[in-house]
Amino acid sequence: MRPTPPPGLKLPEYVVPRLGDRVGNVVDHGFGEGQLSLGWWNDELADLVKDGLPDVRVGVDPNENGSAKLTRGELFTLAKTLDSDANDASVLFFLCHVFLWGSGMRPRNNRSRLRSFTGSDVTGRIGLLREAALAAREGERREAYSMLIRPGRAAIPYLGPAFYTKYLYFVSAEVSTNPCYILDARVAESLYDRGRGWSDISRTPARRGQGWNFSFNWYTDTYVGYCELLDRWALAASEQIGVPVAADEIERVLFDGPAPTTSTS
């Protein structure tokens, strides 16, 4: 049976006090130039043009509006420029900014991700992203997610759920009534909560020491169940605190996790 959230799973108590300000906590969540490896990215992008990568560059101001930070809001705006007729360079430009936002100062594995969009496969793979974006915007979470997953691997090499759920989130977050949400290892670990929360969420034993690794190619049922869980939690939290709460606010708090405990000894 594919893992899905337990019906009675409750929103962790530490999340609620941090909700109710989507602009501050979500829309403005981003990184300045000093927090991103812009030099690495643009050197790599320039070098891969010879191998067929569309010629794009990245920065903190992709919409050319004077932004000093690459924020979720900037990516929401950039996503709205993509449509079914967007050319390959435009889709890749957006995707690379999603990679940049999601990677910060750690370009680990991104060279391999970029190389997945070189050579003869580039048009087909970007076309797949374009189709998945259309499904996500139409609120078809199951269809959008399942387009990008294969048993034991991603449909596009090195583009796993931690990144392609970011892609689906940004293309759907402000244009769909049934958007996709980010599910990465840190969010999954907070949901698991040492077995006190979503106790059967997919995971693997950690390679070193005890514990679990939550980097996982989640089943489509698991991902759709996660999105539905956040929707339910957002409605419940809105009633509890008396102001509208968006589901991506909850995702952001789950990503950050509970505040560190301080020792009194």
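Gain in length, residue 106 to residue 228, computed as 0.36 nm per residue apart minus the alpha-carbon separation, to one decimal in nm? Each step should come with its number before you reach the end.
Working: separation 122, 0.36 × 122 = 43.92 nm, distance 3.09 nm.
Extra length from residue 106 to residue 228 when fully extended: 40.8 nm.
Which of the peptides 95-108, 116-129 is most tightly packed, and how do the rest follow, judged by the mean count of other Cβ atoms within 10 Å per residue? Walk me through the numbers on the way to the answer.
Numbers: 95-108: 18.0, 116-129: 15.8.
Final packing ranking: 95-108, 116-129.
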Next item on the list: Evaluate the relative contact order of the chain (contact order divided by residue number), counting alpha-carbon pairs under 8 angstrom at least 6 apart; express in whole percent.
Entry: 23 percent
Next item on the list: With an 8 Å cut-off on Cα pairs and a minimum separation of 6 or more residues, tell me the relative contact order of the range 31-180 in percent.
Entry: 24 percent
Next item on the list: Report Rg (one decimal) and Dmax (nearest whole number) for the range 31-180, counting Cα atoms only, units Å.
Entry: 14.4, 43
Note to self: Helix-only estimate, please: 222 nm mean residue ellipticity of the chain, summing -39500 (n - 2.57) across DSSP H runs of length 4 or more and dividing by its residues, to the nearest 500.
What the structure shows: -13500 deg cm²/dmol
Notebook entry, point to check: Between residue 243 and residue 81, what is the label-to-label distance in nm when each label sits 7 Å out along the Cα-to-Cβ direction?
Noted result: 3.2 nm
Check: How many angstrom separate the Cα center of the range 76-109 from the Cα center of the range 174-252?
Finding: 23 Å
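Between residue 210 and residue 256, what length in nm is gained on full extension when 0.36 nm per residue of separation is reduced by their alpha carbon distance? The partial results should precede the final answer.
Details: separation 46, 0.36 × 46 = 16.56 nm, distance 2.16 nm.
Length difference between fully extended and current span is 14.4 nm.
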Notebook entry, point to check: According to a simple spin-label model (label point 7 Å from Cα along Cα-to-Cβ), what is the distance in nm between residue 65 and residue 38?
Noted result: 1.8 nm
Notebook entry, point to check: Roughly how many Å is it from the Cα centre of the range 115-173 to that of the range 18-53, as a whole number?
Noted result: 19 Å
Note to self: Of the listed values [x] 0.96; [y] 0.92; [z] 1.26, identify the label whose number matches Rg/Rh (Cα atoms, Kirkwood Rh) calculated from this model.
What the structure shows: [x]
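Let me make sure I get this right: for the range 66-120, a, b and c are the square roots of the gyration tensor eigenvalues over alpha carbons, sorted descending. Under 1.5 in a/c it's rounded, otherwise prolate if a/b > b/c, else oblate. Which is it? Write out the running numbers ahead of the final one.
Working: a/c = 2.94, a/b = 1.07, b/c = 2.75.
Here the range 66-120 falls in the oblate category.
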Check: Order of 171, 23 from fewest to most other C-beta atoms within 10 Å?
Finding: 23, 171
Check: Ranking 51, 85 by Cβ neighbours within 10 Å, fewest first, what do you get?
Finding: 85, 51
Next item on the list: Pull out the extension gain between residue 150 and residue 199, defined as 0.36 nm times the separation in residues minus the alpha carbon to alpha carbon distance; nm, one decimal.
Entry: 15.2 nm
Next item on the list: Using +1 at the Cβ of each Lys and Arg and -1 at the Cβ of each Asp and Glu in the chain, identify which of 198, 257, 128 lies farthest towards the dipole's positive end.
Entry: 198
Check: Which is the longest part of the chain that has none of the GluC sites (Glu not before Pro) sitting in a DSSP loop with at most 13 other Cβ atoms within 10 Å?
Finding: 65-265
Next item on the list: Pairs of Cα atoms under 8 Å, at least six residues apart: use those to get the relative contact order of the range 125-265, whole percent.
Entry: 20 percent
Item checked: In the range 1-75, the trypsin sites (Lys or Arg not before Pro) that fall in loop regions by DSSP, at most 15 other Cβ within 10 Å -> 10, 57
Checklist line | Cα lying deepest toward the dipole's positive end in the range 98-202, options 165, 119, 180, charges on Cβ | finding: 119
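Every read-out reported here was derived from the displayed coordinates using simple, explicitly stated rules and does not represent laboratory data. Model, not experiment: these values are computed from the prediction. Please note: Cβ atoms are built from the backbone with ideal geometry, for glycine as well, and neighbour counts cover all protein chains shown.
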